[in-house]
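Each remark here refers to the structure printed beneath this line.
The values are calculated or read from the model by the stated rules, or taken from the named source; none is laboratory data. Everything numeric in this text was worked out from a predicted model, so none of it was measured. Every residue, glycine as well, gets a Cβ built from its backbone with ideal geometry; the counts of neighbours run over all protein chains shown.
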Amino acid sequence: MSAAGLVCTQLTKSFGPVTVLKGIDFTVPHGKVIGLIGENGAGKSTLSSLITGVHRPDSGSMTIDGKPYSPTTPGDALAAGVVLIHQEIRLLPELTVAENIFLGRLPRKGGRIDRQRMYDESHAVLELLGAHVDPNRQVKGLSMAVQQEIEIAKAITRKPRYIIFDEPSASLGGNETERVLDQIRVLRDQGAGVVYISHRLDEVREVADGIVCLRDGQRVAGWDTGDVPTADLVNAMVGREFTYEHVAPEPAHDHRVLEVRGLGRRGVFADINFAVDAGEVFGIAGLVGAGRTETVRCIAGADRADTGDVVVDGKKINAHTPRAAIKAGIVMVPEDRKGQGLNLDRTASENVTLPWERLLAKTGLVTRGIVRAAGEKLSGELDIRGRMGLPVKSMSGGNQQKVLLGKWLVEKPTVFIVDEPTRGVDVGAKMAIYEIIRGLAADGVAVVVVSSELEEVLGLAHRVMVMSGGRQQGILSREEATPQAVMALAVANTSTDDPAYTEDHPVSAGTRQEG
Amino acid sequence: MPKTEPQTTDTTTAAEAPKTTASHRASGNRAADLFRSVPGPLIGLVVIFIAMSFLSPFFLSFRNLINIISQVSDIGVMAVGAAMVIIIGGIDLSVGSTLAFSMMTMAWVYKIQGLPFPVAILIGLLIGALVGLINGLLSTYARIQPFVATLATMSAAAGLALFITNGNPVTQFPDWFSSLTDTFLGLPVEGIILVATYLIAAFWLRFRPSGRALYAIGGNEEVARLSGINVRALKVRVYVTAGVLASVAGLLVVSRLDSAAPTAGAADLLNVIAVVVIGGASLAGGSGTMFGTFIGLLIIGTLNNGMSLLNVSPNLQPVVIGIAIIVAVLLDRGGLKARGA
């Protein structure tokens, strides 16, 4: 009995110095749907990557029906009947639906592709899923929902015994999600074991026959039924004590600096309203895909908002370019250090002076001395360990992150937005970065912190806005903002509560970014 | 979700690493360090120079050295623009055709329309700027890859150069104009123009915020944009500059030959890119200097001149240039490794 199904025992996995999975036990029986939940970074995706052979575990073992199972490539996993349906859709738009379904294993007859068989089988499996789409049609132009169904059809034709769904509903609206859930039930009734990973707790409760919760790489709770109160799930996801408290002194609230009124960007987020005073730290919390990054990018001019206003010191800004925002005193530290923040091949000093060279060059000339002086000053202020005259890539992650923050502090900003301030840095650097943010607020800057780490937002911010599905779900004061309260808002399912949102503003996977 | 972790490295080792190399350097071999800091192309140039002066008795005469400069001046002026375009991560295939088109327009305005010569020169320069503007707009606002955009303008400009005089060359320009390629205080005027162009460009790239921003754009466009740099406007500016410099190169050609032929410049494109690449710029963008480009120019010039002196078949000379490109790139990569980059 215990050996039936896919059984993982004591799986452990580290990436570099960070252990992301610590001794996970996890079982997927035949004909059951197991919901897998947890905060961002809890280890859900890592666990599914071990099961599907994308990564190998450092220790621990897996068995399928009692036989050892140790896939080293995704191909091994497929051969063993284990399929992953990824949260991002990966279809080739120029090929037909049927060709996509049979990609890499096109049926052949006498050396030629057996188009008839390909069509018939694709048609049959699509009908089974209730998707009415012509298998001979190009994928290009099909909606996200239909593409998701094709992904599922592709998985089913491999006749898998175990299927892992990694956030299949992230890009879908309410009705579409309902159909995916129906399809999962079909698979289950045919005897497959299904793992369903999702942030949307309502869906998990609806479809799952059992739920497992991960937190910080450990299995913290498990239920043999899907009928678990949401509050219990939320508690399991967040339930930990806070270790960091870096909140700046309570601001005087006598000077409103930043005001955001009705900000929206079509298909991404809508109707965002908040205000930040001088010296205040304003947190934005939410799960991956909630629209947090997209919102602050519009405030900082990196993307264009379609509706609403951004007001700084009573003046309407509505920056269409980062250049305009910087001129108005709004700076943003982007989440992606390498892709958006720093040029790792150039020196730290050159990186930090880049946005400010026009201001620093008093005579119109940027000399090496000016660049070096600016770099050294910052290095002292932020305690950056590493030589500012060397390429940034020679520094550790934590110091690179300090350089990134420092780049936006060469001139004192009015509004300081920081997206994922401590991504990929160690604990020591984390503390130092929290102190920098705290110091800025104490200095009278209006600070906006976006973070996927709950304790980070709650430890830094005076007030927290929680987003979900591209909408603001509420603004909580420091006293109200318990982890449970924030998480309850963050998992609120906007798409079913608000039909207008799903009809007119589906969150499209194309514009959705992590964070 | 776990993709952030591998970036975290141990803080202490990273902080200590530079210290150890620093102390090593202080006590270590200064001569080797000095040698390593010399750019690879410069070493190559010196080697070629020494070899040529042994191989040909005529090579090291003042007159011949002046000749080298004169021979490469048009290519050299175009290479300044090409280097800037390559630094921002673009490519300009249209330089040779732009040279021909602006030159033929100038000749047509002067000879056939009978307008004063200075006006003709101005119109020629404007044509260069216009082609550059089109290149810039196509590759930024219209989001066409620069290779494709400039391939199109290359074709169009080459056709227009032929069309404007029905394929006929134009000759006999004012006497004072050919003095551009005379000497001034013993130095060729075109050589002075060439060096001045490099100095101005080097100054811009090194000391002016907008010039320095070209490296940021080539390194990572999104980083540059989020840093408040007006990426598209600056890119357009660079393509316009490249177009104008191609026109200037056209003026030098007319001055030297006292003739404007619509097929001039057709073979220049590959030489121009060769100069920039031998000079150490990467087609991936974000790197390259005016000093390096100038050295690259001298390498090409010296090789061509030396091979002519040694009676190497003109058909074999491009083969040597090809080999030089590969050697330069391989040496450059080796040099980067040695410097620990």
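Worth pointing out:
- Of the strands (runs of 3 or more DSSP E) lying entirely inside the range A:243-358, those carrying at least 3 residues that are surrounded by fewer than 21 Cβ atoms within 10 Å (Cβ to Cβ) and more than 10 Å from every other protein chain (Cβ to nearest Cβ) are A:256-265, A:269-277, A:307-312.
- Exactly one residue out of A:Asp202, A:Asp227, A:Asp232 is of a type in the set (D, E, K, R), modelled with pLDDT of 80 or more and more than 24 Å from the chain's Cα centre (by Cα), and it is A:Asp227.
- Residue check for A:Leu233: assigned to a strand (DSSP E or B) and of a type outside the set (Phe, Trp, Tyr): no
- Checking B:Ile200, B:Ile144, B:Ile192 one by one, the residue that is touching a strand residue (DSSP E or B) at 6+ places or on another chain (Cβ under 9 Å) and among the aliphatic types (A, V, I, L, M) is B:Ile192 and no other.
- Positions within the range B:218-267 being more than 10 Å from chain A (Cβ to nearest Cβ), in contact with a Gly (Cβ under 8 Å, 6 or more places away or on another chain) and not aliphatic (A, V, I, L, M), in sequence order: B:Glu221, B:Lys235, B:Arg237, B:Tyr239, B:Thr241, B:Gly243, B:Ser247, B:Gly250, B:Pro262, B:Gly265
- Count - residues of the range A:158-184 that are in a helix (DSSP H, G or I) and either modelled with pLDDT of 90 or more or out of contact with any helix residue (DSSP H, G or I) (no Cβ under 8 Å at 6 or more places or on another chain) (or both): 2
- The listed residue being within 21 Å of the chain's Cα centre (by Cα) and either closer than 30 Å to A:Glu357 by Cβ or more than 14 Å from every other protein chain (Cβ to nearest Cβ) (or both), out of B:Gly186, B:Gly191: B:Gly191
- Elements of type helices (runs of 4 or more DSSP H) contained in the range A:1-111, each with 2 or more residues being more than 14 Å from every other protein chain (Cβ to nearest Cβ) and modelled with pLDDT under 90: A:74-79
- One residue from A:Gly104, A:Gly60, A:Gly81, A:Gly66 being on the phi > 0 side of the Ramachandran plot and without any contact (Cβ under 8 Å) to a residue 40 or more places away in the chain: A:Gly104
- Considering the range A:411-431, and only residues there that are surrounded by 20 or more Cβ atoms within 10 Å (Cβ to Cβ) and without any contact (Cβ under 8 Å) to a residue 60 or more places away in the chain, the residue that is farthest from the other protein chains (Cβ to nearest Cβ) turns out to be A:Thr422.
- Helices (runs of 4 or more DSSP H) wholly inside the range B:1-109 containing at least 1 residues that are touching a strand residue (DSSP E or B) at 6+ places or on another chain (Cβ under 7 Å) and either modelled with pLDDT under 95 or away from chain A (no Cβ under 14 Å) (or both): B:62-87, B:95-107
Residues are listed down the side, and each one gets a yes or a no for (1) of a type in the set (Ser, Thr, Tyr); (2) in contact (Cβ under 8 Å) with a residue 40 or more places away in the chain; (3) touching a helix residue (DSSP H, G or I) at 6+ places or on another chain (Cβ under 7 Å); (4) not in a loop (DSSP other than H, G, I, E, B):
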residue: B:Gly288; (1), (2), (3), (4): no, yes, yes, no
residue: B:Gly292; (1), (2), (3), (4): no, yes, yes, yes
residue: B:Ile295; (1), (2), (3), (4): no, yes, yes, yes
residue: B:Ile299; (1), (2), (3), (4): no, yes, yes, yes
residue: B:Thr302; (1), (2), (3), (4): yes, yes, yes, yes
residue: B:Asn305; (1), (2), (3), (4): no, yes, yes, yes
residue: B:Ser313; (1), (2), (3), (4): yes, no, no, no
residue: B:Val319; (1), (2), (3), (4): no, no, no, yes
residue: B:Ile323; (1), (2), (3), (4): no, no, no, yes
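- When the test is whether a residue is crowded, with 21+ Cβ neighbours inside 10 Å and of a type in the set (A, V, I, L, M, F, W, C), A:Ile64 does not pass it.
- Test: residue in the range A:393-402 that is surrounded by fewer than 18 Cβ atoms within 10 Å (Cβ to Cβ) and either part of a strand (DSSP E or B) or within 11 Å of chain B (Cβ to nearest Cβ) (or both): yes
- One residue from A:Ile89, A:Ile113 being of a type in the set (A, V, I, L, M, F, W, C) and under 19 Å from A:Ile164 (Cα atoms): A:Ile89
- Any hit, the range A:379-390, residues being at the interface with another protein chain (Cβ under 9 Å from one of its Cβ atoms), over 20 Å from A:Val447 (Cα atoms) and acidic (Asp, Glu): no
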